[in-house]
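Here is the structure we will look at.
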Amino acid sequence: QVKLVESGGGLVQPGGSLRLSCAASGSIFSRYVMGWYRQPPGKQRELVAAITSGGSTHYQDSVKGRFTISRDNAKNTVDLQMNSLKPEDTAVYYCHVPISGYDYWGQGTQVTVSS
């Protein structure tokens, strides 16, 4: 059974940093793309960043240069380092892995950027 568990969210002031972590279990995740999505209040869920099994990365334009996605295939983890946070980064952040046509999601972790 695939399970994704996020951690690391919280309240941070504008300009601050947070690091989100996703621990995955139940499959061989080194084979798959892993990603982070977010859902701001009242808006649709959107892709923030993704990383392939080989380490190639993709970022939403609004986070380029501020966020960094990384993975540890030995530990089945994917992290999102978020720097220079802005109020518009406030959202619930979700870990995501697509496996054989099915989307697996974590439970989400709240990130609030506010002074």
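The values are calculated or read from the model by the stated rules, or taken from the named source; none is laboratory data. Quantities reported herein were computed from a predicted structural model and do not represent experimental measurements. Cβ coordinates were reconstructed from backbone atoms using ideal geometry, including for glycine residues, and neighbour counts include every protein chain displayed. What goes into the accessible areas is simple: the full protein's heavy atoms, side chains included, and nothing from ligands, DNA or RNA. Shrake-Rupley method; radii C 1.70, N 1.55, O 1.52, S 1.80 Å.
Out of every Cα pair in the chain, what percent are spaced more than 23 Å from each other?
So the portion of pairs separated by more than 23 Å is 22 percent.
Please report how far the C-alpha centroid of the stretch 1-64 lies from that of the stretch 73-115, rounded to the nearest whole angstrom.
That distance is 3 Å.
Using the heavy atoms of the protein chains and a 1.4 angstrom probe, tell me the accessible area per residue for the chain in square angstrom.
About 52 Å² of surface per residue is accessible.
Separation between the residue 70 and residue 105 pseudo-spin-labels, each 7 Å from Cα along Cα→Cβ, expressed in nm?
My value for the distance between the label points is 2.8 nm.
What is the gain in length, in nm to one decimal, between residue 23 and residue 112 on full extension, counting 0.36 nm per residue of separation less the C-alpha to C-alpha distance?
Stretched fully, the residue 23-residue 112 segment lengthens by 29.9 nm.
For residue 5 and residue 88, what is the calculated FRET efficiency with R₀ set at 41 Å and r taken between the beta-carbons, to the nearest 0.05?
Once the sixth-power term is evaluated, E becomes 0.95.
In nm, what is the difference between 0.36 nm times the number of residues separating residue 13 and residue 61 and their Cα-Cα distance?
So the chain would gain 15.1 nm between residue 13 and residue 61.
Which percent of the accessible area of the chain is formed by carbon and sulfur heavy atoms (probe 1.4 angstrom)?
47 percent
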